[in-house]
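The values are calculated or read from the model by the stated rules, or taken from the named source; none is laboratory data. As the structure is a prediction and not an experimental result, all values here were calculated from the model. Please note: Cβ atoms are built from the backbone with ideal geometry, for glycine as well, and neighbour counts cover all protein chains shown.
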Amino acid sequence: MDLLDWHRGRLSSRRLAVLVRHLPRDSALAREVHGDAAEWGVTDYLLATAVDQLAEANWMFATVNQDEDAEPLEYPTPLPRPGSGDSGAAGGADAPEDGTATPGPAELARFFS
């Protein structure tokens with residue numbers, strides 16, 4: 001597809017908008033607009049959150065069942081999310097406030113319905 005066709009009048013603005021809107025997630029435009037978050041979907045965020053929750057549950061179990069004299073266990077480090085800029089960021093209420101794309105309630109409801 002030649003984008004000059006839009007300039008030449010052979011490609012309508014509506015058709016160009018439809019083509020751009022339905023570009024694949026790994027396209028250069030999606031990566032430029034969304035950064036690393038373009039590669040992450042709702043499923044990826046849910047899986048990372050599940051892994052973090054499982055690590056936290058294991059930490060809680062080990063902490064409760066260790067000897068009283070033992071040194072406290074280190075809290076598990078969450079999996080890194082796209083755009084978090086640090087070693088990890090927990091999902092949900094602790095989600096980064098820097099505008100990264102995390103699934104909202106509507107997306108989660110749509111995923112589970």
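Descriptive notes on the structure:
- Only one of the listed residues (89, 55) is at pLDDT below 85, hydrophobic (A, V, I, L, M, F, W, C) and farther than 22 Å from residue 110 by Cα. That residue is 89.
- Whenever a residue of segment 1-27 is at pLDDT below 85, its partners that are exposed (fewer than 10 other Cβ atoms within 10 Å of the Cβ) and in a helix (DSSP H, G or I), lying with C-beta atoms within less than 9 angstrom and at least six residues away or across chains, give the pairs 2/8.
- Positions within segment 39-48 being at pLDDT 85 or above and exposed (fewer than 14 other Cβ atoms within 10 Å of the Cβ), in sequence order: 43, 47
- Top-ranked residue in segment 18-38 [being over 27 Å from residue 76 (Cα atoms) and among the small types (Gly, Ala, Ser); ranked as surrounded by the fewest Cβ atoms within 10 Å (Cβ to Cβ)]: 28
- For residue 36, the requirement of being acidic (Asp, Glu), modelled with pLDDT under 80 and either under 30 Å from residue 23 (Cβ atoms) or touching a helix residue (DSSP H, G or I) at 6+ places or on another chain (Cβ under 7 Å) (or both) is met.
- Of the set (1) assigned to a loop (DSSP other than H, G, I, E, B); (2) at pLDDT below 55, all apply to residue 68 but (2).
- Among the residues listed as 11, 16, the single one being outside the structural domain of residue 110 (by TED's automatic domain parsing), part of a helix (DSSP H, G or I) and farther than 25 Å from residue 110 by Cα: 16
- Residue list for segment 19-54, restricted to those being hydroxyl-bearing (Ser, Thr, Tyr) and not in a loop (DSSP other than H, G, I, E, B): 43, 45, 49
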